[in-house]
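Just so it is clear, none of the values below were taken in a lab; they were calculated from the coordinates. Please read these numbers as outputs of a predicted model, since none were measured by experiment. Quick reminder, even Gly has a Cβ in these numbers, built from the backbone with ideal geometry, and neighbours come from all protein chains shown.
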Amino acid sequence: MKALGQQLLVELYHCDPEILNDVNAIESHMEQAAEIAGATIVEKTFHHFSPHGVSGVVVIAESHLAIHTWPEYGYAAVDLFTCGDTILPEPCFHYLQAALKSKSFSITEMKRGILSNVGVTEFTHKPQQVGDKHE
């Protein structure tokens, strides 16, 4: 099934609570996950909540990687959304599972922008806009 993007909704359980509450570590791990996948980082923002928990997003040219942590439960909710056919979210997942020391997980995979549903038969990551000139 051809689609514009692939999204993994990841539930990471039984993670290291100290890592989950360290905003610098979470930011570093999310950035590293993007780099491992070969994604192009555009921007990132992370926030530490009081008394605990971290939320953050790494915006990549190919979509985004997002996380929210609950250290008190050893849990992280992760959204790995990549577009195109060269940057895949699976390497991000495998890296984060190890980095956060998750002992169990669940994943829901979604195809986003099914080409046949948007009236396209062939994938082009950046289609020409109406009025663009060909050289």
Item checked: Simple spin-label estimate for Thr40 and Met110 in nanometres, 7 Å along Cα-Cβ -> 2.5
Next item on the list: List the extent of the Cα atoms of the stretch 1-62 along each of their three principal axes, largest first, rounded to whole Å.
Entry: 43, 25, 18
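Provide the gained length on full extension for the span Asn117 to Val23, in nm with one decimal, where the gain is 0.36 nm per separating residue minus the Cα-Cα distance. Working shown, then result.
Working: separation 94, 0.36 × 94 = 33.84 nm, distance 3.94 nm.
Here the answer is 29.9 nm.
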Checklist line | About the Cα centre, charge dipole magnitude for the chain (Lys/Arg +1, Asp/Glu -1 at Cβ), debye | finding: 320
Checklist line | Under 28 Å between alpha carbons - lysine pairs in the chain that sit 8 or more apart or on different chains | finding: 10
Margin query: Below 8 Å, C-alpha to C-alpha, sequence gap of six or more: please give me the relative contact order for the chain in percent.
Written below: 37
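Which number do you get for Rg(Cα) / (2.2 N^0.38 Å) in the stretch 3-110?
On the way: Rg = 12.7 Å, N = 108, 2.2 N^0.38 = 13.0 Å.
Rounded to two decimals, the normalised Rg is 0.98.
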Next item on the list: Compute the acute angle (0 to 90°) between the alpha-carbon long axis of helix 23-37 and the principal axis of greatest extent of the alpha-carbon atoms of the chain; round to the nearest 10°.
Entry: 40
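Report the gain in length on full extension from Ser55 to Glu11: 0.36 nm times residue separation, minus Cα-Cα distance, nm rounded to one decimal.
Details: separation 44, 0.36 × 44 = 15.84 nm, distance 1.44 nm.
Between Ser55 and Glu11, full extension yields 14.4 nm more.
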Item checked: Degrees separating the helix 90-99 axis from the principal Cα axis of the chain, which is the longest one -> 10
Check: Do the sum for the chain: with -39,500 (n - 2.57) for every DSSP H run of n ≥ 4, divided by all residues, what is the mean residue ellipticity at 222 nm, to the nearest 500 deg cm²/dmol?
Finding: -6000 deg cm²/dmol
